[in-house]
Every structure is written in structure tokens, then in C-alpha cells.
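What follows is one structure encoded as C-alpha cells, with my remarks underneath.
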Amino acid sequence: MVPGMNLPRQSPTDLDPNLPHVDLGPQLNTIFWLLTCMALGFLVLRVFCKFLRGRYLWWDDYVLIAAWISLATSAATTSACVTLDYGKHIYDMNPETITEMSFIAVFAGFFSVLAAALSKTSFALTLIRLSHGWLKITICVIMVTVNIALGSALISMWTKCTPVRKIWDHGIEGSCVPGEVIVKWYQFTAGYSGIMDVILAFIPWPLMWKITMDRREKIGVAIAMSMGVVAGVTSFVKMAMLPNLTGDPTETVAVTIWGAAEGAITIMAASIPVLRMLFRVNDPPVPARFSTFDENRMSKAINLQALDTSTANLNGNASSFGCTSPLPPPVPPKDYIVK
């Protein structure tokens, strides 16, 4: 949904009797909530698989949960707009509820973009956790710049008019940034976000070869993590549709659906790789080993503990044979020293 749409009021007596009368509201509701429920299903399975493997939730999981909450909020506010005639032509809408509907539409658009930003951030955090060196720096730059771009779009939704009320009530005095400028900026943010989605989708391929799983699984997980390309495509479609909007609510329905699809698809794409254990029928669900900083520290700590236990056992055995002086502890290799 494009928030703050300029909705001209027309009297029913001025209407051409041959004008079309459609209501896309029910269709919009169905598709939006279907996408939201599908994203929830993938998210719940992601969390379930993590607990099933004995893993705790990390920042990428919490950010992804926040993304779904934003998506659900956008779905709820969009449904509220539908009850106020959103999805109909402007001449079929109740003039008394247009201002209220436009006000709620600002929230619907805001949370839709926020869901997309958070879901992309979650996927980037996952890749950051698995990467090292220049690749980690590249992912960080992408994550920060995408959030700046989408964040500027979020801010502009509430600052493009003075006073702010004029965003949803065009009947009051005030001034707004020209619509052409806003559309071009939304196009830029959508296009940049889509390009970064495509780049992030191909980054998992070099990372997969560092994981201890067979070649077939590596390829499968890499393909699953590359599903973010679909989210990039939704951004490109939305970017292409924005210049064709004339202000009639029926024309913004498609943009609303593609905006919802962007966030929902990213949530699903970020969840798919974790679900691979559900398809391991013959083998036990052994978690894959990633070369992450946290797991390296944990592995080193476990090895040190094993060395201490070995020393204690040796000293106990020496005492049982009458040795009074304890055996010197083995010196751990430098690689196992936790700094």
C-alpha cells in the first residue's frame, strides 16, 4: 500500500454510469493473510528445529520474529482499510471514511516496509555469523546500507507533508513533497534492496564448503539459502509498478500485495535452510558444524576440559601405584588456548 494516497473526493451525482465497479478488498485480504500464515509456518518450524537440535535462539532468530510481527501488523491494518472500502474505485468509496482509511494505510505501508527490512537484516546476520574476513565486511556493508535505504523510506512516510496530518487528510492546508519525487525515491529503495537481495542470495555458496556435511547436502542448503532471489524479484516488480499509480486505490492493491510478498518470502527463505533436518529420514539429526567464532571458542573450551580430566585421571592412577609426586599436566597445543 502506498501511504498517504491523494484520494480526490467525487460526488455520486458526477459519476459516469458506465464506470466499472470492482472490489479487490476480499482478494487482497486473502492473499495478504495467506502470505502471513505461510511465513508464520516456516518461522515456527525454524524455531522448532533449532530447539530439537539443542540449539538456542540467536539474534537472527529474534530479528526474524520481529519481522513476522511487523508483517502481521501490516496485514491487520490492511484488513482494517478493506473494511473502510479500500480495494474499491475512489468513486465507490464512502467519502466520510476516506481520511480514516488513509490514516490507517500509513501504518499498513510502514509495517510492510519494516517487515522487509527486518527480514533482510535477519538473513544478513545469519551470513555474518558464518563468514570471516572481507566477506563478513561486505555483508555488514550491505546490511547497513539496505537498512539506511529502507529506513529513509519509512521516515519519509511520516515527514513528506507539513503538517503531518496532511499525509492522510488532503482537505487541510499545508504542503507536501511532490508525488513524483516520492515515487522515484521509493523506486530507488526498492531497486537497491532487490539488488542486495540477489547478492546476498549467492553469498552462501562459498560458505557451504566450510560445513561438515556431504556434498549433496551442501548444494541443497546453498540452493535453499539462495531463495532470497525471489524476494529480490518482488522488489523489482514493485519498483516497476510504482510509476503507473494515478491515485486510485484499486491500482495500489497490486503494490500492496507485492510489498507483503517481499517480507513474507524473505522470512520463508531465511527459514528454509534450518528445516533440512526434517528431511533426514535414515540418518540421525546431527547438527552441521559451522566455522563460527562462538563455536570455535566452545570447541577449544571443551578440549581444555578434556585435557584437565585426563591429567586428573593420570594423577589418580599414579597415586594408586605408590607415586607421591603428581604427573605434570600435558601442555595443550597453541590452537586450543582460549584467549
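Values in this text are rule-based calculations from the coordinates and carry no lab data. Everything quoted here is computed from the prediction, not taken from an experiment. Methodologically, a virtual Cβ is constructed for each residue, glycine included, from the backbone with ideal geometry; neighbour enumeration extends over all protein chains shown.
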May I ask for the net charge around Ile65, where only other residues with Cβ less than 14 Å from the Cβ of Ile65 are counted and Lys, Arg are +1 while Asp, Glu are -1?
0
Given the Cα-Cα distance of Ser152 and Glu180 and 0.36 nm per residue of separation, how much length would full extension add, in nm?
8.4 nm
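Under the rule a/c < 1.5 gives rounded, and otherwise a/b versus b/c splits prolate from oblate, where does segment 117-208 land using the Cα gyration tensor? Spell out each step's value before the answer.
On the way: a/c = 4.12, a/b = 3.17, b/c = 1.30.
In terms of gyration-tensor shape, prolate.
Provide the packing ranking of 166-172, 76-82, i.e. peptides ordered by the mean count of other C-beta atoms within 10 Å per residue, highest first.
On the way: 166-172: 16.6, 76-82: 20.9.
The packing order, highest mean first, is 76-82, 166-172.
Determine the alpha carbon to alpha carbon distance for each of Lys184/Lys238; Lys136/Lys184; Lys166/Lys238 and list only those over 21 Å. Don't jump to the answer; show the numbers that get you there.
On the way: Lys184/Lys238 12 Å; Lys136/Lys184 31 Å; Lys166/Lys238 25 Å.
In this structure, Lys136/Lys184; Lys166/Lys238 exceed 21 Å between Cα atoms.
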When the Karplus curve 6.51 cos²θ - 1.76 cosθ + 1.60 is applied with θ = phi - 60°, which whole-Hz ³J(HN,Hα) does each residue of segment 52-66 get, with x for Gly and Pro?
5, 8, x, 10, 8, 6, 10, 4, 5, 5, 5, 5, 5, 4, 4
Applied in sequence order to segment 134-140, the curve 6.51 cos²θ - 1.76 cosθ + 1.60 (Karplus, θ = phi - 60°) yields integer Hz couplings, x standing for Gly and Pro, of 5, 5, 5, 5, 4, 5, 4
